[in-house]
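What follows is a set of notes on a single structure, which appears directly below.
The values are calculated or read from the model by the stated rules, or taken from the named source; none is laboratory data. Note that the structure is a prediction, hence the values are computed from the model and not measured. Here the Cβ is made from the backbone with ideal geometry for all residues, glycine too, and neighbour counts use every protein chain on show.
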Amino acid sequence: MIYVFDGAMGTMLQNAGLKPGECPELLNVEKPEVITNIHEEYIAHGSNIIETNSFGANRIKLSHYGLAERVKELNTAAVKAAKAAAGDKVKIAGSIGSTGKFIKPLGELTFDEAYEVFYEQISALVNAGVDMILIETIIDIQEMRAALLAAKAVTDKPVICQLSFNSDGRTVTGTDPQTAAITLEAMGADIIGANCSLGPAQLLPIIELLAANCSCPISIQPNAGMPHLVEGKTVFPMDAEEMASWVPKLVEAGATYIGGCCGTTPKHIAAIKKAIQLLTPAVRQHRKPMLALTSRSKTVFIDKTLPTVLLGERINPTGRKKLAAEIKEGNFLSVKKEALEQVHAGAHLLDVNMGVAGIDQTKAMSKAITEISQLVDVPLAIDTSDAKALEAGLKAYPGRALINSVSAEPERLDEFLPLAKKYGAAILCLPISPAGVPKTAPERVAVVQTIIDHALAIGMKPNDFLLDALVMTVAADEEACIQTLNTLKLYREKFGYPSTMGLSNISFGLPNRPLINSNFFTMSLAYGLDAPIMNPYDTAMQEALLASSALLGFDKNARHYSLSAANANAPTKAATAPISEMDLLASIKTAVINGEKEAIAPMVEKALAEGHSSTEITDQCLTAAMNEVGIGFGSGKLFLPQVLLSAEAMREAFIKIKELLPLQNFQNKGIVVIATVKGDIHDLGKNIVGALLENNGFHIIDLGKDVELDTIVKAALEHDADIVGLCALMTTTMPQIDFVIDALKKAGSKAKVMVGGAVLTQEYADQAGADCYARDGVVAVNLAKELVEK
Amino acid sequence: MPIYNASLTSIDKSETKRYAGLSKVAFDEKLIDHACLEAQLLSQAKGIWQIYDYNHSTHTIEAEVPANIKGKIVQRHLQNATKIIVLAVTIGEDIENAVTDHFKANNYTHSVLLDAAATTAVEMAADMMEKTIRQYIEAQGYQTVMRFSPGYGDWDITFQPEMLRLSSAREIGIALTTSMMLIPRKSVTAVIGLIPNCGGSSSQASHDCKNCNKLDCLARKESSI
């Protein structure tokens, strides 16, 4: 059967005289007959399900009208008004909308606060007798999770979860329909759908994706197009017939609950009702159950038909004193760094372990999950043996996490499985029983069977499991490897669920562990390992994976392998080619121009050893190179970062010369006092000028940023500066330049004044009495040379 | 006061190159990657915004204490707006300190690239917040015109204290120097004009470097070539 919801409530209330700024839900008690009339009209036009006038009747939204204390009253009255119209003919859905605030870390509301707000409203609706709960127009998956959890805690009645998507096909906070469907179905949503924001045409592909990624019924309530404002009134452009013309396509895409959102009226509902008369629900093609984990914005599948998935193991303080100490102090910078770098190195999932002795695990896990999920988009595994820490992590996580791990020990089964079910997490099944670690493959299979039986008994699904094959040390037991490989094989034969394991334990106590590890890895992949838990920085393992993927048919035509191997053999930089005697000086010059910082010191050393003088190297190579770079920059062929790379290379060359010839006197072209003027806190541009001048033989006295006038004058006199360089970036700080120049003159300084900075111009420099204006660092060097020669 | 702290799960490399003045040249991608990763790690995006009625005849933001917008270009930019969003976004001070520290350690190039990546990050955070705002206001029948900030065009930077007041930027840790600079430096304040959607096409003006006072902006050089 295809069900028909009602249309917009807000549009109808506006037509009935609701003024902007008035609370729509207050009408439930002040004019309940108006609400009942609207419901009746929708029922008369064909609605099977009507939605209570309670969309904004949560504590936070009501507080805008000073009605926060009337949640129960307004929601109860909403249901009463609906019941008066519904009788036994139609069902009533209790409408729940957003609080209007984002949940941390996107916003300021805590997850628990959001949960409580929804719990209060849903309790009122359920107690008043709604038939189902409709959570709608939600744009953040985390808010949806809080509302869905609250609904499930209050009632066994069906819960419909409808998100609002943007025209790019995601919610504005980044969740795509596939990820939403997988996350919400796992948490027990009964019907999943989309409403508002878009019209039927734009919602169609979203409905298709929702339908393809869950087995729940699909609901849709489009807007009547995008609203226009005509003489202060909101008008929706799409008429009933046009809306109804989309219904066959929406049904074909999988929708069986259809209604309207903003701008739809009883006419639209009547047209939709008419359109469905001829239709039957589509036969949906469900893919076979497959383990999927999600983050806020991404889904990762793990299956034998798919390429290997890497679970990064580095966020784990065990045996890492520095990381443990930081976590203990509440500093998560290294944790975040590990997260970013593992993803950059190719991890598809990240394991998060906060096992530091003597800390509040719950708090640490919550913080780690919050920070990491805000930073990277790969799904996370929550790795803990503490049920409280696990729940804190699951709550904070805006997706479907993996729980690492559930063993067959009674406390794990009793505490962890219900949490997995509640929060829609998948579980990593570890074959350890109260009797200990089973040695043989059949014994491991039996223990895993126990875990799966318990999980299925509480309502978990076949796509909730990742099986750990368990790796023991081959040095202690020659059967260790064989048993693990057999376990992998048996898992696949008996269950068909994907498998995982940490690899490195195999080589414990042996020499040359990387060799054992990578060979073991290759064997394991051939035996069916789907998601290794490993260090993604380990190149030997990455290479083993690359080769195995090609061998096992996951890398079509071995394309990735070939590309990667070709890269590995490709020559790196021209400068690493052997340098002949003849062109050594030319090569140094080229290295500076190319900014080859690492290559330059050995070349300079060689040149000195061959009898070239430091002056020769400086003049013919370094200065000459910088001159060329400067010309390239001036003509727009080179850009600032390239100039700076050359400057860094030149600096390395100088350091080498000074190291080898400590008594060598370098020419001092002049003393430059440089500063960003008072009130101005930008100093990157000034620093660049300073660095380039220094490279060119000037002695730099850098006074920093936000420098007082007196300090500049004093330094200029004290150091008998040849040049004073002044920088200002803003129109508000530019006048300081005039004051400093005046003060320098009055104090009798003979220094020439060079000025520069974002808003400065030649004209300004002239009127302020500066000797020159430098538009950029390269110009500054040339001008400085001219100034000291004058 | 709505708060939206954007999640930056990547930093746009091509924008970083543009801000570093490198969009038209080949440059070591690893150095760009390195700067983008560090910017992502150190950015702590925070954002806050408020919506007001706007009187485009008197150029007044109708707050409890109203504020008048002066400057022909900005007034023209907002000429059809009937409401206005005032927003503030920051990515915090850590990244700024890292830019300084890298320069001090003579990693000039990385410092400049990190600064460009940080600019990218704060603009991305503002874009993401603007996206959530747009969904909210489009449902009410409005469309937006491009973000516009004090200091841009002929809008005097001395309006900055009003921007902080109207957006409540202090709540997310943004302060102002007497010389009208935002602290942390990688922060943005801006207004977005909302014009009633009458069914026609959007009057979204595109960015024009000529309107900007930041004459030494690396990105500006590029677009003028």
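Let's see how each residue does on (1) in a loop (DSSP other than H, G, I, E, B); (2) surrounded by fewer than 22 Cβ atoms within 10 Å (Cβ to Cβ); (3) in contact with a strand residue (DSSP E or B) (Cβ under 6 Å, 6 or more places away or on another chain):
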residue: A:PRO237; (1), (2), (3): yes, yes, no
residue: A:LEU250; (1), (2), (3): no, no, yes
residue: A:TYR257; (1), (2), (3): no, no, yes
residue: A:HIS268; (1), (2), (3): no, no, no
residue: A:LYS274; (1), (2), (3): no, yes, no
residue: A:VAL283; (1), (2), (3): yes, yes, no
residue: A:LYS288; (1), (2), (3): yes, yes, no
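Taking B:CYS198 and the conditions (1) under 18 Å from the mean Cα position of the chain (by Cα); (2) within 13 Å of chain A (Cβ to nearest Cβ); (3) part of a loop (DSSP other than H, G, I, E, B), which numbered condition does it fall short on, given that it satisfies the others?
Tallying (1) under 18 Å from the mean Cα position of the chain (by Cα); (2) within 13 Å of chain A (Cβ to nearest Cβ); (3) part of a loop (DSSP other than H, G, I, E, B), B:CYS198 fails exactly one: (1).
Output the residues belonging to the stretch B:105-125 that are closer than 30 Å to A:ASN223 by Cα and either more than 17 Å from the chain's Cα centre (by Cα) or surrounded by 24 or more Cβ atoms within 10 Å (Cβ to Cβ) (or both).
B:ALA125
Looking at A:GLY528, A:GLY553, can you tell me which residue is surrounded by fewer than 15 Cβ atoms within 10 Å (Cβ to Cβ) and outside any strand (DSSP E or B)?
The unique qualifying residue is A:GLY553.
Which one of these is surrounded by fewer than 22 Cβ atoms within 10 Å (Cβ to Cβ), touching a Lys or Arg at 6+ places or on another chain (Cβ under 6 Å), away from chain B (no Cβ under 14 Å) and at pLDDT 95 or above: A:ASP156, A:ASP131?
One residue alone meets the criteria, A:ASP131.
Which one of these does B:ALA45 not meet: (1) modelled with pLDDT of 95 or more; (2) farther than 26 Å from A:THR370 by Cβ; (3) touching a strand residue (DSSP E or B) at 6+ places or on another chain (Cβ under 9 Å); (4) not β-branched (Val, Ile, Thr)?
Condition not satisfied by B:ALA45: (2).
If you check A:ASP176 against the conditions, is it within 14 Å of chain B (Cβ to nearest Cβ) and within 22 Å of A:GLY399 (Cβ to Cβ)?
Criteria met by A:ASP176.
Would you pick out the residues in the stretch B:24-40 that are under 20 Å from the mean Cα position of the chain (by Cα) and facing another protein chain (nearest Cβ under 9 Å)?
B:GLN40 - this is the single residue of the stretch B:24-40 that is under 20 Å from the mean Cα position of the chain (by Cα) and facing another protein chain (nearest Cβ under 9 Å).
Here's a check for you: in the stretch A:607-616, which residue that is in a helix (DSSP H, G or I) and touching a residue at least 12 places away in the same chain (Cβ under 8 Å) is farthest from A:GLU659 (Cα to Cα)? Steps first, please.
Start the filter on the stretch A:607-616 by keeping residues that are in a helix (DSSP H, G or I), which leaves A:607-609, A:614-616.
Those left that are additionally touching a residue at least 12 places away in the same chain (Cβ under 8 Å): A:607-608, A:614, A:616.
On the way: A:ALA607: 14, A:LEU608: 12, A:SER614: 12, A:GLU616: 17 Å.
The extreme case among them is A:GLU616.
Could you check, for the stretch A:653-676, whether at least one of its residues is buried (at least 18 other Cβ atoms within 10 Å of the Cβ), on the phi > 0 side of the Ramachandran plot and within 9 Å of chain B (Cβ to nearest Cβ)?
no
Output the residues belonging to the stretch B:111-149 that are more than 9 Å from every other protein chain (Cβ to nearest Cβ) and touching a His at 6+ places or on another chain (Cβ under 8 Å).
B:LEU114, B:VAL145, B:MET146, B:PHE148 - these are the residues of the stretch B:111-149 that are more than 9 Å from every other protein chain (Cβ to nearest Cβ) and touching a His at 6+ places or on another chain (Cβ under 8 Å).
If you check A:GLU73 against the conditions, is it away from every other protein chain (no Cβ under 13 Å) and either out of contact with any Phe, Trp or Tyr (no Cβ under 8 Å at 6 or more places or on another chain) or crowded, with 18+ Cβ neighbours inside 10 Å (or both)?
Yes, satisfied.
Of all residues in the stretch A:225-257, count the ones that are within 13 Å of another protein chain (Cβ to nearest Cβ) and either within 33 Å of the chain's Cα centre (by Cα) or closer than 14 Å to A:PRO205 by Cα (or both).
Going through the stretch A:225-257, the residues within 13 Å of another protein chain (Cβ to nearest Cβ) turn out to be A:225-238.
The next check asks that each one be either within 33 Å of the chain's Cα centre (by Cα) or closer than 14 Å to A:PRO205 by Cα (or both); those that pass are A:225-227.
Residues flagged as within 13 Å of another protein chain (Cβ to nearest Cβ) and either within 33 Å of the chain's Cα centre (by Cα) or closer than 14 Å to A:PRO205 by Cα (or both) within the stretch A:225-257 amount to 3.
When you scan the stretch A:402-422, do you find a residue that is more than 14 Å from chain B (Cβ to nearest Cβ), over 25 Å from A:VAL300 (Cβ atoms) and crowded, with 22+ Cβ neighbours inside 10 Å, even just one?
Pass one, the stretch A:402-422, residues more than 14 Å from chain B (Cβ to nearest Cβ): A:402-422.
With the extra rule that they be over 25 Å from A:VAL300 (Cβ atoms), the set shrinks to A:408-411, A:413-415.
Subsequent filtering for residues that are crowded, with 22+ Cβ neighbours inside 10 Å retains A:408.
Checked against the condition, which is being more than 14 Å from chain B (Cβ to nearest Cβ), over 25 Å from A:VAL300 (Cβ atoms) and crowded, with 22+ Cβ neighbours inside 10 Å, the stretch A:402-422 yields at least one hit.
Between a first residue in the stretch A:659-676 that is among the charged types (D, E, K, R) and a second residue that is part of a loop (DSSP other than H, G, I, E, B), which pairs have beta carbons less than 9 Å apart while being 6 or more apart in sequence or on different chains?
Here the result reads A:LYS669/A:ASN696; A:LYS669/A:GLY697; A:LYS669/A:ASP722, each pair linking the stretch A:659-676 to a residue that is part of a loop (DSSP other than H, G, I, E, B).
Whether any residue in the stretch A:101-108 is outside the structural domain of A:LYS422 (by TED's automatic domain parsing), in contact with a Pro (Cβ under 7 Å, 6 or more places away or on another chain) and surrounded by 20 or more Cβ atoms within 10 Å (Cβ to Cβ) is what I want to check.
No - not one qualifying residue is present in the stretch A:101-108.
Name the pairs whose Cβ atoms lie under 8 Å apart, with the first residue in the stretch A:518-531 and closer than 11 Å to A:THR308 by Cβ and touching a residue at least 60 places away in the same chain (Cβ under 8 Å), the second of a type in the set (Ser, Thr, Tyr) and in a loop (DSSP other than H, G, I, E, B), and 6 or more positions between them or separate chains?
These pairs meet every condition: A:LEU525/A:THR308; A:LEU529/A:THR308; A:ASP530/A:THR308; A:ALA531/A:THR308.
Applying the selection to the stretch A:439-470, what residues are of a type in the set (A, V, I, L, M, F, W, C), assigned to a helix (DSSP H, G or I) and more than 14 Å from A:LYS494 (Cα to Cα)?
Selection gives A:ILE451, A:ALA455, A:LEU456, A:ALA457.
Checking A:ILE60 against (1) more than 32 Å from the chain's Cα centre (by Cα); (2) surrounded by fewer than 21 Cβ atoms within 10 Å (Cβ to Cβ); (3) not polar (S, T, N, Q), which test does it fail?
Tallying (1) more than 32 Å from the chain's Cα centre (by Cα); (2) surrounded by fewer than 21 Cβ atoms within 10 Å (Cβ to Cβ); (3) not polar (S, T, N, Q), A:ILE60 fails exactly one: (1).
How many of the residues in the stretch A:79-133 are of a type outside the set (Lys, Arg) and assigned to a loop (DSSP other than H, G, I, E, B)?
The number of residues fulfilling the criteria is 16.
Taking the stretch B:1-16, which residues are of a type outside the set (A, V, I, L, M, F, W, C), surrounded by 22 or more Cβ atoms within 10 Å (Cβ to Cβ) and more than 9 Å from chain A (Cβ to nearest Cβ)?
Correct list: B:THR16 only.
Determine which single condition A:THR299 fails, assuming it passes every other condition in (1) of a type outside the set (Lys, Arg); (2) touching a Ser or Thr at 6+ places or on another chain (Cβ under 7 Å); (3) surrounded by fewer than 19 Cβ atoms within 10 Å (Cβ to Cβ); (4) modelled with pLDDT of 95 or more.
Going through the list (1) of a type outside the set (Lys, Arg); (2) touching a Ser or Thr at 6+ places or on another chain (Cβ under 7 Å); (3) surrounded by fewer than 19 Cβ atoms within 10 Å (Cβ to Cβ); (4) modelled with pLDDT of 95 or more, A:THR299 breaks only (3).
Of these, A:ASP619, A:ASP702, A:ASP680, which one is free of Cβ contacts under 8 Å to residues at least 12 places away in the same chain and either more than 9 Å from chain B (Cβ to nearest Cβ) or buried (at least 23 other Cβ atoms within 10 Å of the Cβ) (or both)?
A:ASP619
Can you tell me which residue in the stretch A:664-713 is farthest from B:PRO184 (Cα to Cα), limited to those that are assigned to a strand (DSSP E or B) and either of a type outside the set (A, V, I, L, M, F, W, C) or under 40 Å from the mean Cα position of the chain (by Cα) (or both)?
Among them, the one singled out is A:GLY670.
Take residues that are closer than 17 Å to A:GLU252 by Cβ and tell me which of the helices (runs of 4 or more DSSP H) falling wholly in the stretch A:134-223 contain 1 or more.
Details: elements: A:141-154, A:177-186, A:200-212.
Of the helices (runs of 4 or more DSSP H) lying wholly inside the stretch A:134-223, those with at least 1 residues that are closer than 17 Å to A:GLU252 by Cβ span A:177-186, A:200-212.
Does A:LEU644 satisfy the condition of being in the same structural domain as A:GLU718 (by TED's automatic domain parsing) and among the hydrophobic types (A, V, I, L, M, F, W, C)? Let's see the steps before the verdict.
Working: in the same structural domain as A:GLU718 (by TED's automatic domain parsing): no; among the hydrophobic types (A, V, I, L, M, F, W, C): yes.
The answer is no for A:LEU644.
Would you kindly identify the helices (runs of 4 or more DSSP H) lying entirely within the stretch A:301-386 that contain at least 1 residues that are away from chain B (no Cβ under 13 Å)?
A:321-329, A:361-375
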